[in-house]
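Below is one structure, written out as C-alpha cells; comments come after it.
The values are calculated or read from the model by the stated rules, or taken from the named source; none is laboratory data. Quantities reported herein were computed from a predicted structural model and do not represent experimental measurements. Here Cβ is always computed from backbone atoms with ideal geometry, including for glycine, and neighbour counts include all displayed protein chains. Note: accessible area is taken over every heavy atom of the protein model, side chains too, but ligands, DNA and RNA are not part of it. Shrake-Rupley method; radii C 1.70, N 1.55, O 1.52, S 1.80 Å.
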Amino acid sequence: QSLQEGPWVPEDAALLLDQMAGALDVAHRQGVVHRDVKPENILLDEDGNAYLSDFGIAKDLQRVTPATAADVIPGSLLYISPEAAKGQAVTAQSDLYSLGVVMSEVLTGAHPFPDSTPATLLAQLLSEPLPPLRTRRPNLPGALDEVIQRATAKEPSERYPDALAFASAFRNA
C-alpha cells in the first residue's frame, strides 16, 4: 500500500533496508533462506517499522528436503533470483537479489520491469541488469544505482556477502 503512494525518499528506504537486512541476517545465520522477499511480505506498523513475514516457502539449508518439482518455481516471479528461476540451489544471496529488486521498486515507485509478460520477465531477469534508478528518478545519487546493481548481479558470488553489507553500502551511498 505504501508503494501506491509513490517512491520513498532514500533516507526512509535506508531504514526499511536496515530492518529487512536485520531480519534476513537472523534467518540466514540460522540457515534459512526466505525465497519470497517481496513488498507484500514486508509489513509496516503505524510507526513505519518494517517486519518480514511469510516464511511459508522458506528453505532450511540445514535440513535435507525433497527437491522442488521441476516445473515449479518457488517464490514470486517478479522478485525471484536468476538462480532460483533456473532451478539451481538458493542461498542467502538469492534473498539479496529479491531484496535488491524490492529496493529498486521502493526508490522508483515501480517494478524494474513493469508490464512484462511472464515469459519476457523471465528472460529479463536471466539476462538483463535492472534499469538504472535514475531512469525513473534522475535526482537519486548515482551511487545508489551501483549498490542496487551489485545486490541484483546475475551471479550470486558478485552480490554482497550478506544482507548487512548490502544495507551498509546503501546507507553509505
Note to self, the chain gives a 222 nm [θ] from helices alone (DSSP H runs n ≥ 4, -39500 (n - 2.57) apiece, / all residues, nearest 500) of -12500 deg cm²/dmol
By the C-alpha gyration tensor axes a ≥ b ≥ c (rounded if a/c is under 1.5, else prolate when a/b exceeds b/c, else oblate), the shape of the range 108-173 is oblate
Carbon/sulfur accessible area of the chain, % of total, 1.4 Å probe, equals 52 percent
Karplus-derived 3J(HN,Hα) from phi for the range 41-50 (6.51 cos²θ - 1.76 cosθ + 1.60, θ = phi - 60°), whole Hz, x at Gly and Pro, runs 9, 10, 9, 10, 8, 5, 9, x, 6, 9
Under a Gaussian network model of the chain whose springs join Cα atoms within less than 10 Å, the largest fluctuation of Pro156, Pro118, Pro129 belongs to Pro118
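How high is the FRET efficiency from Arg150 to Glu46, r the C-beta distance, R0 30 Å, rounded to 0.05?
After rounding, the FRET efficiency stands at 0.35.
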Full extension between Ala123 and Glu11 adds, at 0.36 nm per residue less the Cα distance, a length in nm of 37.1 nm
